[in-house]
Amino acid sequence: MFLISITITIRNLKILFSKTIVLLMGVLLLVVVVSCENQNPEKIFFGKDYCDHCHMTIADHKFGGELVTIKGKVFKFDSLECMKSYEHNHSELSPFKKYVVNSSLPGELLEAETAKYLIKPDLRSPMGGLGVLSISKDSIDKDLNYKTWNDIYSNIDTRVNK
Ligand SMILES: [Zn+2]
């Protein structure tokens with residue numbers, strides 16, 4: 001009788017142990033999934049942060065952007081030329097989520113693919129390239145000729161920073 005009782009207790013402990021392991025594995029998986037989905041941008045500290053491509057200080061509030069890896073690592077840039085060059089040179093880290101500064105609201109970052117873009121021929125980017133202002137899709141002026149991210153990014157000339 002005593003022996004049977006011990007056997008049952010050991011069996012219960014084994015079941016409890018295996019249930020705990022399954023639960024812990026589930027929690028671990030959830031943590032991994034949640035951390036993988038964090039592709040949020042980080043605030044750019046203008047005048048303090050450095051461009052991850054050209055290593056110059058990010059100073060102009062109208063220009064810049066970020067690339068964020070699936071693991072959540074953030075790379076900051078002072079211009080779209082640098083961002084595109086970095087993406088090209090570090091394809092092993094892709095796919096990136098892309099963000100651009102809101103040119104009309106200093107400090108705010110916009111998702112690159114949903115933002116709208118205005119080409120300003122009288123402006124130059126910090127790298128001497130095309131002056132492109134990025135604007136939230138919610139604050140566009142209907143009379144202006146906005147471009148999409150694909151229009152802009154495919155035409156960014158990375159030769160300006162070589
Ligand atoms: Zn740069």
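A search for C-beta distances below 7 Å between a residue of the range 137-160 that is modelled with pLDDT of 90 or more and any residue that is exposed (fewer than 13 other Cβ atoms within 10 Å of the Cβ), counting only pairs 6+ apart in sequence or on different chains, returns Lys137/Thr114.
One residue stands out in the range 133-162 among those that are assigned to a strand (DSSP E or B) and touching a Ser or Thr at 6+ places or on another chain (Cβ under 7 Å): the one that is surrounded by the most Cβ atoms within 10 Å (Cβ to Cβ), namely Ser134. Of all residues in the range 43-59, those that are crowded, with 17+ Cβ neighbours inside 10 Å and more than 8 Å from the ligand (Cβ to nearest atom) total 2. Filtered by the rule that a residue be in a helix (DSSP H, G or I) and modelled with pLDDT under 75, the range 24-46 gives Gly26, Val27, Leu28, Leu29, Leu30, Val31, Val32, Val33, Val34, Ser35, Cys36.
The values are calculated or read from the model by the stated rules, or taken from the named source; none is laboratory data. Values in this document were obtained by computation on a predicted structure and should not be read as measured data. Using ideal geometry, Cβ is built from the backbone for each residue, glycine included, and neighbour counts are taken over all protein chains shown.
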